[in-house]
Amino acid sequence: MSNGGEASGLGEKMYELASRLYPICRSITGEGVRRSLEIIKELIPLEIKEVATGTKVFDWTVPNEWNLEEAWIKDASGNKIVDVSRHNLHILNYSAPFSGTVSLEQLKPHIYTIPEQPDLIPYRTSYYEEKWGFCMSHTQFAQLEEGEYEVLITSSLKPGALTYGEYYLPGRSKQEFLLSTHICHPSLANDNLSGMSLMTYLATLLRGQNHRYSYRFLFIPGTIGSITWLATNELHLTNIVGGLVTSLVGDGAPFHFKKTPDGGTELDKVVELVLNESPLKHEILDFVPYGYDERQFCSPGINLDMGCLSRSTYGSFPEYHTSADNLNFIKAQHLRESLEVMQRIVEVWELNATYINTNPKCEPQMGKRGLYAAIGGASDKEILQMGMLWVLHQSNGCRSLIDISKRAGIPFDVIVKASNLLLAGQLLKSTESS
Ligand code: ZN
């Protein structure tokens with residue numbers, strides 16, 4: 001958590017990636033998604049995958065692919081009063097094509113605004129109901145004059161594919177940690193460019209390391225993307241032993257961790273430990289079947305041990321799904337902090353293990369195994385010795401090092417160090433076969 005120099009440079013790079021992705025008109029399908037994934041592929045060897053329109057995925061069907069060329073409204077004098085080339089949020093995402101001249105009364109039902117935030121453009125979608133529309137500030141809407149308006153939307157809704165990115169980083173074990181972020185929002189920075197940037201840079205850092213677990217990164221459109229991935233990878237899910245959905249990690253709000261549905265899994269314990277030891281504020285939230293793609297990953301028939309990590313929470317901040325969730329709303333520093341927290345989560349996840357005491361009948365003789373000598377000169381000698389006693393006492397094959405750290409009131413890193421000494425002295429054995 002402390003490699004300040006390198007990590008601060010990474011915050012800037014994360015912000016830069018978000019800035020490159022910001023102008024692209026993304027949706028749940030289409031060229032915008034492909035172009036965004038190609039940019040991420042410059043940094044990590046992402047596999048870009050496509051699932052054809054019409055593919056049945058559980059109760060859903062992969063929709064037609066949406067692409068947009070132009071979208072504008074001209075007033076009676078021929079001025080473009082709204083133009084998607086000025087802001088991607090001006091188009092109702094997945095809007096049907098339209099071309100024609102309409103009166104103000106005919107135009108109004110096709111315009112979306114936020115009267116309570118009159119200066120912001122809302123983000124609205126219509127994926128599963130085919131209609132045309134625009135979004136604009138309520139201030140502008142209120143000033144529209146009677147008269148004729150020329151409207152053009154050159155969008156297409158045709159059979160194509162749903163595109164997503166996947167990066168699998170093999171570890172020593174086939175057991176996997178799954179990391180997922182949504183990629184379908186156009187020109188919104190915290191939701192979802194911050195998550196895309198965090199996942200990309202976490203992957204660049206994990207790439208060069210030797211890990212115990214395998215890591216799988218998914219860059220997928222929200223809801224339909226996770227449903228599609230789960231439906232087409234169902235046989236493979238047994239390898240997944242934990243994971244996180246992440247988004248909203250570029251603002252300065254306290255961290256929020258939404259637990260797994262039952263709570264109390266190793267994933268819950270790891271994230272809670274990392275947030276508790278961080279100097280940054282945080283809050284732990286119980287699972288609710290509403291929010292991001294943890295809804296799908298934790299659905300009863302899938303039931304993965306996954307939580308959701310964010311700064312602000314889903315739908316809870318005034319900039320959410322508006323033009324104010326822009327590149328001024330996220331900061332390199334906050335992105336860097338989120339990356340550091342995520343790196344520590346992975347580190348603790350890797351180190352957390354469950355052992356069996358090989359000599360459980362009375363205390364083993366530590367001296368003859370050289371274990372007292374091994375810690376003789378350590379500055380934390382006393383706490384380390386207590387840590388060894390606790391690890392020996394508690395390692396019954398069920399309790400993890402995090403459980404032992406909590407029970408003993410000894411920092412996790414000391415418990416890990418104690419367990420490594422005991423492993424070297426052959427007083428512990430692993431519960432894993434791999
Ligand atoms: Zn969103």
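What the table shows:
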quantity	calculated
Extension gain from Leu152 to Asn67, taking 0.36 nm per residue of separation minus the Cα-Cα distance	29.2 nm
Extension gain (nm, one decimal) between Ser299 and Glu130, 0.36 nm per residue minus Cα-Cα	58.0 nm
Taking N as its residue count, the alpha carbon Rg of the stretch 1-114 over 2.2 N^0.38 Å	1.46
GNM result for the chain, Cα springs below 10 Å: residue of Gln143, Gln209, Gln333 fluctuating most strongly	Gln143
Cα-based reach from Lys381 at 18 Å (exclusive), listing aspartates and glutamates while leaving out same-chain residues under 8 positions away	Asp413
Expected-Rg normalisation [2.2 N^0.38 Å, Cα atoms] applied to the stretch 65-158	1.00
Residue-normalised accessible area of the stretch 65-158, expressed per residue, 1.4 Å probe, Å²	49
Distance between the stretch 366-400 and the stretch 274-290 - C-alpha centres, whole angstrom	31
Point-to-point label distance, Ala374-Asp262, nm (Cα→Cβ direction, 7 Å offset)	3.4
Long-range tail of P(r) for the stretch 182-312 (Cα pairs > 25 Å, %)	23
³J(HN,Hα) computed for each position of the stretch 298-314 - Karplus, 6.51 cos²θ - 1.76 cosθ + 1.60, integer Hz, glycine/proline x	9, 5, x, x, 9, 6, 7, 7, 10, x, 10, 10, 8, 8, 4, 9, 2
Near-label residues of the stretch 90-130 by backbone N, under 14 Å of a point 7 Å along Cα→Cβ of Leu144	90-92, 100-115, 122
Under 17 Å from the Cα of Lys74 - aspartates and glutamates, other chains or at least 8 residues apart	Asp83, Glu105, Glu145, Glu146, Glu148, Glu150
Cβ charges +1 (Lys, Arg) and -1 (Asp, Glu), total dipole of the chain, debye	1800
Average accessible surface area per residue within the stretch 298-369, 1.4 Å rolling probe, Å²	43
Arg20 versus Lys331: modelled label distance in nm, points set 7 Å from Cα along the beta carbon direction	2.5
P(r) histogram, all alpha-carbon pairs of the chain included - 20 Å bins from 0, percent	24, 48, 21, 6, 1
Kirkwood Rh, Cα atoms: Rg over Rh of the stretch 354-433	0.93
Out-of-range pairs (alpha-carbon distance over 28 Å; input Lys281/Lys331; Lys13/Lys417; Lys158/Lys258; Lys331/Lys417)	Lys13/Lys417; Lys158/Lys258; Lys331/Lys417
Under-5 Å amide H pairs with Ile121, H placed in peptide plane, nonlocal only	Ser323, Ala324
Heavy-atom accessible area ranking, 1.4 Å probe, most first, across Glu350, Glu382	Glu382, Glu350
Fully extended contour minus Cα-Cα distance, from Thr431 to Leu104, at 0.36 nm per residue	110.7 nm
Most mobile listed residue (Phe297, Phe255, Phe141) in the chain, GNM with C-alpha springs under 10 Å	Phe141
Other-chain or far-sequence residues with amide H under 5 Å of Tyr112's (modelled H)	Phe134, Cys135, Met136
Which of Gly147, Thr322, Ile302, positive extreme of dipole for the chain (C-beta unit charges)	Ile302
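The values are calculated or read from the model by the stated rules, or taken from the named source; none is laboratory data. Since this is a predicted model, take the numbers as computed values, not measurements. Ideal geometry is used to build each Cβ from the backbone, glycine not excepted, and the neighbour counts take in all protein chains shown. For accessibility, only protein heavy atoms count, side chains too; no ligands or nucleic acids. Shrake-Rupley method; radii C 1.70, N 1.55, O 1.52, S 1.80 Å.
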